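First comes the structure, then the notes that go with it.
Values quoted throughout were computed directly from the atomic coordinates according to the rules given, and no laboratory measurement underlies them. Note that this is a predicted model, so its numbers are computed, not measured. With ideal geometry, Cβ positions are generated from the backbone for all residues, glycine too; neighbour counts draw on all protein chains shown.
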Amino acid sequence: MKAISFKPEFIPMIKDRTKTVTRRIDTKIKTGDEVYFKGGRTGKKEGYLKILDVESQPLKGITKYYNMYELVREGFDITGLSEFVTAWNKINRNKKGYRWEDNPEVYRIEFRLLK
């Protein structure tokens with residue numbers, strides 16, 4: 001079974017079903033997959049997700065979807081686009097071409113928590 005890692009602070013949001021979207025540079029996850037999720041790369045298994053949609057888009061495509069609902073689904077406050085950009089750049093700071101300013105192609109992954 002495939003796994004997907006999240007920053008530990010996102011785990012409670014996934015479990016209470018407020019975070020239902022993530023964006024990734026690379027993924028082998030496909031629509032319809034069932035995956036387990038964990039906090040960090042070495043964290044324990046926290047539960048299972050059903051992948052509802054995987055869509056390729058430019059990272060700055062988030063501004064196309066920018067509204068309260070999309071940001072909350074990402075796990076950020078309704079005014080959090082700058083917070084999202086900061087978090088993205090922190091996670092990807094050592095990956096050439098992956099910063100917000102570089103506008104890489106990413107995968108928008110929509111999921112739902114399985115019981």
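Modelled label-to-label distance, Ser56 and Arg17, 7 Å Cα→beta-carbon offset: nm?
A separation of 3.3 nm, rounded to one decimal place.
Normalised by the number of residues in the chain, what is the relative contact order in percent for Cα pairs under 8 Å and 6+ residues apart?
So the answer I get is 36 percent.
Can you tell which of Ile51, Ile91, Ile29 shows the greatest fluctuation in a Gaussian network model of the chain with Cα springs below 10 Å?
Looking only at Ile51, Ile91, Ile29, the biggest GNM fluctuation is shown by Ile91.
May I have the pair-distance distribution P(r) for the chain, computed from all Cα-Cα distances with 5 Å bins from 0 and rounded to whole percent?
It works out to 2, 12, 22, 26, 22, 13, 3, 0, in whole percents.
Would you mind calculating the gained length between Glu110 and Tyr36 on full extension (0.36 nm times residue separation, minus the Cα-Cα distance), in nm to one decimal?
25.2 nm
Could you compute Rg(Cα) / (2.2 N^0.38 Å) for segment 1-53, with N its residue count?
1.04
Among the listed pairs Lys44/Lys95; Lys38/Lys115; Lys15/Lys90; Lys50/Lys96, which have their C-alpha atoms separated by more than 20 angstrom in this model?
Checking Cα-Cα distances, Lys44/Lys95; Lys15/Lys90; Lys50/Lys96 exceed 20 Å.
What does the helix-only formula give at 222 nm for the chain: each DSSP H stretch with n ≥ 4 adding -39500 (n - 2.57), the total divided by the residues, and the result rounded to the nearest 500 deg cm²/dmol?
Helix contribution divided over all residues of the chain: -5500 deg cm²/dmol.
Please determine, in degrees from 0 to 90 and to the nearest 10, the orientation of helix 81-91 with respect to the longest principal axis defined by the Cα atoms of the chain, where the helix direction is its Cα long axis.
70
Starting from 0.36 nm per residue, how many nanometres of slack lie between Asp77 and Lys2 once their C-alpha separation is accounted for?
Extending this stretch completely gives an extra 24.1 nm.
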